Amino acid sequence: MSEARLIDGRAAADSLRSQVASEVADLKGRFGVTPGLAVVLVGEDPASQVYVRSKGEQSLAAGMHSVTHRLSADTPQDVLIGLVRSLNADPAIHGILVQMPLPRGLDEKAVVEAIDPDKDVDGLHVVNAGRLSQGLPALSPCTPVGCMILLRQTLGEDLSGLRAVVVGRSILVGRPVAQLLLQADCTVTIAHSRTRDLAAVCREADILVAAVGRPRMIPGDWIRPGATVIDVGINRVPFDDPAKAAEGRTKLVGDVDFKSARHIAGAITPVPNGVGPMTVACLLANTVTAARRIHGL
Ligand code: NDP
């Protein structure tokens, strides 16, 4: 049985980061503009701390200006919004990212809406979501942008006419990736928890994007032979090996059952090292885009 081509997200992210670094050098050298990213972390969530550290390190490595604001979990809403407003007004900052989820008691939507849409490098502000849905230039969410880069590297620039099925309709992943696929002239279906006969819907896909958050929910026999599968899911599960599982050891798996899918798909992203590494690289790219637009370059 032939095996699917593995889509290497690490290599794609490395190449995007080097492209960003050379664009940063160019902006500095020719225009004296150093793209600046501010990341705000509220509370002590361990996963968020890892993500925030990585965003800070990678932006510095790309030659960008990088600041991280760490606030305690009991920070009042008005203090957090005050910080966002001061970053909106800071000319050295072109991108603002407030790490989600926020601790209980803070209103995530209100915080995102306080970010200047031109600095909303996470692409979550309603203005950017609206621009994206109208096909206008927007700062688009990073993970969906990463999915599109991987798809174009795999299938070529022209995706027009392909049937795309996106499983998941979140504001963070499902909806924006569907909008980007539509902009690329795919015929797009968005599936979700109320979709009837999800297996049949998935089998129609030339491009299947899984963004559900349920480990290995999509088995190989839901995949059309030769389809390109982008697995966004990141789920922590116990090891299959009972001895390791008994020690409480865990591993990451996607929303697609990789073992069965890789014999049917034409190309597939692994988990880890598929979509995951693209997210921060796309955040850096969005910050450069924001800096260019803010300075009219
Ligand atoms: P959400 O929980 O916000 O959304 C999940 C979506 O899946 C919802 O639209 C939900 O439908 C749908 N869904 C849930 N159960 C089913 C089901 N049984 N059948 C069909 N659809 C279902 O998750 P996110 O979009 O934020 O994240 C999805 C996954 O992607 C997670 O594993 C997350 O960890 C991962 N992720 C990875 C990133 C990366 O960098 N690679 C970045 C962001 C997320 P409904 O709307 O009807 O409830």
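No lab work stands behind these numbers, since they all come straight from the coordinates. None of the values given here were measured: they were computed from a predicted structure. All Cβ positions, glycine included, derive from the backbone under ideal geometry; neighbour counts span all protein chains shown.
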Q) Can you name every residue in region 193-252 that is among the β-branched types (V, I, T), more than 16 Å from A178 (Cα to Cα) and near the ligand (Cβ under 10 Å from one of its atoms)? A) I218, I234
Q: Could you list all residues from region 132-184 that are among the basic types (K, R) and within 10 Å of the ligand (Cβ to nearest atom)?
A: R169, R175
Q: Would you mind stating whether S72 is crowded, with 17+ Cβ neighbours inside 10 Å, of a type outside the set (K, R) and at negative phi?
A: no
Q: Could you check how many residues of region 12-33 are exposed (fewer than 14 other Cβ atoms within 10 Å of the Cβ) and in contact with a His (Cβ under 8 Å, 6 or more places away or on another chain)?
A: 1
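Hey, which of the strands (runs of 3 or more DSSP E) in region 1-109, taking only ones fully inside, have at least 2 residues that are among the hydroxyl-bearing types (S, T, Y) and within 25 Å of P277 (Cα to Cα)?
It comes to 65-71.
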Q) In region 262-297, which residues are crowded, with 22+ Cβ neighbours inside 10 Å, away from the ligand (no atom under 16 Å from the Cβ) and within 19 Å of M217 (Cα to Cα)? A) A265
Q.
Need pairs with beta-carbon distance below 6 Å; first residue surrounded by fewer than 22 Cβ atoms within 10 Å (Cβ to Cβ) and within region 34-45, second in a loop (DSSP other than H, G, I, E, B); sequence gap 6+ or separate chains.
A. L41/Q99; G43/A73; G43/P103
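So how many residues does region 190-243 have that are surrounded by 17 or more Cβ atoms within 10 Å (Cβ to Cβ), within 19 Å of the chain's Cα centre (by Cα) and not hydrophobic (A, V, I, L, M, F, W, C)?
Counting residues in region 190-243 that are surrounded by 17 or more Cβ atoms within 10 Å (Cβ to Cβ), within 19 Å of the chain's Cα centre (by Cα) and not hydrophobic (A, V, I, L, M, F, W, C) gives 5.
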